[in-house]
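S.K.: The structure's right below; bear with me while I get my questions together.
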Amino acid sequence: MTLDNSLSREENEMTALEILTRAKSLVSPALEAATQRLSAELSPVIEHHLLVGGKYVRACLALLSASAAGGDQETGLVGALAIELVHNFSLIHDDIIDGDLERRHHPTVWAKFGVGPALIAGDALSTLAFQLLLEVPSAERVAAAHRLADATQAMIIGQAQDIASEHKLSLTVEECLSMEAGKTGALLSCAASIGAVLADADAAVVDALADYGSHLGVAFQAIDDMLGVWGEPSVTGKPVGNDLRLRKKTLPISIANSKGFDIFTGDVEGELSDADVAEAMVMLDECGARYETMELAERELAMALDALERTPLASEPRAQLAIIARYVIERDQ
């Protein structure tokens with residue numbers, strides 16, 4: 001799909017990766033230094049997890065948020081670190097919940113070190129996020145910590161809703177979107193606004209950036225749900241239809257159910273067979289769930305970009321926020 005007439009998908013990806021690389025070069029060494037504060041017993045566990053890497057999208061949003069609000073990236077750095085720490089705590093715990101043995105082709109923390117060390121490592125990262133924000137108890141840092149705490153709680157509620165959905169045959173579209181807004185949208189909303197909070201920006205600026213991140217989070221999760229069904233195995237590292245096989249209640253499933261297509265029938269537990277996965281994929285195509293999921297992602301992207309135009313922001317970081325948003329939606333993994 002074409003989301004920007006001025007940049008091809010390849011040009012947008014290259015530009016986005018340059019922005020993300022610059023952000024990572026600033027955040028990664030600071031993150032490594034921050035985690036040195038943790039106990040020596042946890043060092044090999046956390047080092048293993050962080051070595052797996054990542055694109056640092058959330059940290060990048062935090063840095064750009066500060067710049068967009070008229071501050072500098074150094075102002076937003078502590079927010080970027082806190083966001084990354086909470087994000088990585090959630091990844092470590094999610095891998096335990098999902099039983100995933102690998103992350104980016106490396107053993108997950110719990111698979112390598114055990115559930116106990118993985119739980120403690122995640123707890124330590126989460127706590128460190130708030131220690132970093134509050135070690136200088138300025139009004140801006142306290143406000144940022146409040147915002148991150150609310151986002152973390154919303155993320156946890158979304159995860160709880162996801163776990164509860166395992167015992168249901170289906171979710172409504174509204175229930176699915178509410179769950180995904182918590183699981184993904186809350187932390188992205190915080191990431192996109194925490195830098196502005198630290199820069200002591202006006203409430204209108206903070207709210208606009210928070211709305212940008214919230215809509216981007218829903219769009220991000222919609223694309224993630226698409227890849228969970230139709231993603232290319234050589235790119236995603238998972239078989240086609242993997243979310244179907246695992247009976248995950250994602251957006252395409254909820255859309256199909258709203259149209260009277262019963263994707264999951266019978267027991268709510270146990271993996272689907274290959275034949276059942278193939279049949280479910282046919283039903284999803286027949287009812288237009290794939291198209292509607294993509295359409296929703298595009299609508300949410302448009303609302304995210306509109307939020308950037310709602311209030312005065314510094315032009316270059318605003319343009320970079322738009323580039324990152326398009327990259328997130330156009331990704332294939």
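S.K.: Using a cut-off of 14 Å between alpha-carbon atoms, which aspartates and glutamates can reach LYS168, once sequence neighbours fewer than 8 places away in the same chain are excluded?
M.R.: Correct list for LYS168: ASP262, ASP267, GLU269.
S.K.: So what J values fall out for segment 48-58 if you push phi through Karplus, 6.51 cos²θ - 1.76 cosθ + 1.60 with θ = phi - 60°, rounded to Hz, Gly and Pro as x?
M.R.: 4, 5, 5, 5, 4, x, x, 8, 6, 4, 5
S.K.: Ok, one more. Could you tell me the extents of segment 246-306's C-alpha atoms along the three principal axes, largest first, rounded to whole Å?
M.R.: Per principal axis, max minus min of the Cα coordinates gives 43, 21, 19 Å.
S.K.: Rounded to the nearest 500, what is the chain's calculated 222 nm mean residue ellipticity when only DSSP H runs of at least 4 contribute -39500 (n - 2.57) each, over all residues?
M.R.: -23500 deg cm²/dmol
S.K.: Using a simple spin-label model with points 7 Å from Cα along the Cα→Cβ vector, what separation in nm is obtained for ASP306 and GLU102?
M.R.: Taking the two extended label points, one gets 4.2 nm.
S.K.: All other residues with a Cβ under 12 Å from the Cβ of CYS287 taken together, and with Lys, Arg as +1 and Asp, Glu as -1, what is their net charge? Show your work: numbers first, answer last.
M.R.: On the way: positive: LYS259, ARG290; negative: ASP262, ASP285, GLU286, GLU292.
In short, -2.
S.K.: Determine the gain in length on full extension of the stretch GLU269-ALA139; use 0.36 nm per residue of separation and subtract their C-alpha separation, reporting nm with one decimal.
M.R.: Details: separation 130, 0.36 × 130 = 46.80 nm, distance 4.84 nm.
Stretched out fully, the GLU269 to ALA139 stretch lengthens by 42.0 nm.
S.K.: Sticking with this one: One-quarter of the Cα convex hull surface for segment 181-248, in nm²? All intermediate terms of the calculation are to be shown ahead of the outcome.
M.R.: Numbers: hull surface 20.7 nm².
Across all orientations, segment 181-248 yields a mean hull projection of 5.2 nm².
S.K.: Oh, and also: Based on the Cβ-Cβ distance of GLU286 and ILE163, what FRET efficiency does E = 1/(1 + (r/R0)^6) give at R0 = 22 Å, to the nearest 0.05?
M.R.: Numbers: r = 30 Å, r/R0 = 1.36.
Approximately 0.15, to the nearest 0.05.
S.K.: Given (i) 26, 25, 18; (ii) 32, 25, 18; (iii) 37, 29, 20, which label gives semi-axes √(5λ) of the Cα gyration tensor in Å as computed from the coordinates?
M.R.: Calculated semi-axes √(5λ) of the Cα gyration tensor in Å: the matching label is (ii).
S.K.: Quick check on the exposure proxy: order LYS183, LYS55, LYS259, LYS24 from fewest to most C-beta atoms within 10 angstrom. Provide the component values of the computation, followed by the final result.
M.R.: Details: LYS183 23, LYS55 17, LYS259 12, LYS24 20.
Lowest count first: LYS259, LYS55, LYS24, LYS183.
S.K.: Now a separate question. Taking other Cβ within 10 Å of each residue's Cβ, how do THR250, THR21, THR184 sort, fewest first? Don't skip to the answer; put the middle values down first.
M.R.: Numbers: THR250 25, THR21 12, THR184 21.
Exposure proxy ranking, most exposed first: THR21, THR184, THR250.
S.K.: Determine ³J(HN,Hα), in whole Hz, for all residues of segment 316-328 in sequence, where each value follows from phi through the Karplus function 6.51 cos²θ - 1.76 cosθ + 1.60 and θ = phi - 60°; x replaces Gly and Pro.
M.R.: Going residue by residue, I get 5, x, 5, 4, 5, 4, 5, 5, 4, 4, 5, 4, 4 Hz, with x marking Gly and Pro.
S.K.: Ok, one more. Determine the equivalent ellipsoid of segment 88-139 by diagonalising the alpha-carbon gyration tensor, then write out the semi-axes as square roots of 5 times the eigenvalues, largest first, rounded to whole Å. Mind showing how you got there, number by number?
M.R.: On the way: eigenvalues 147, 20, 13 Å².
Largest first, segment 88-139 gives 27, 10, 8 Å.
S.K.: Once phi is turned into ³J(HN,Hα) by the Karplus curve 6.51 cos²θ - 1.76 cosθ + 1.60 with θ = phi - 60°, what whole-Hz value does each residue of segment 221-233 show in order, with x for glycine and proline?
M.R.: With the stated coefficients, segment 221-233 comes to 5, 4, 5, 4, 5, 4, 5, x, 9, 10, x, 6, x Hz.
S.K.: Still on this structure, I have one more. Could you state the number of Å between the C-alpha centres of segment 301-329 and segment 124-198?
M.R.: 21
S.K.: Collect residues whose amide H, placed 1.01 Å from N in the peptide plane, falls under 5 Å from the amide H of HIS106; neighbours closer than 5 in sequence don't count.
M.R.: none
S.K.: By counting other Cβ atoms within 10 Å of each Cβ, how are SER178, SER43 ranked from fewest to most? Walk me through the numbers before you get to the answer.
M.R.: Details: SER178 16, SER43 13.
Final ranking by Cβ density, sparse to dense: SER43, SER178.
Quick note: the coordinates plus some simple rules give every number you see, no bench work behind them. What you see is a predicted model, and the numbers here were worked out from it, not measured in a lab. Ideal geometry is used to build each Cβ from the backbone, glycine not excepted, and the neighbour counts take in all protein chains shown.
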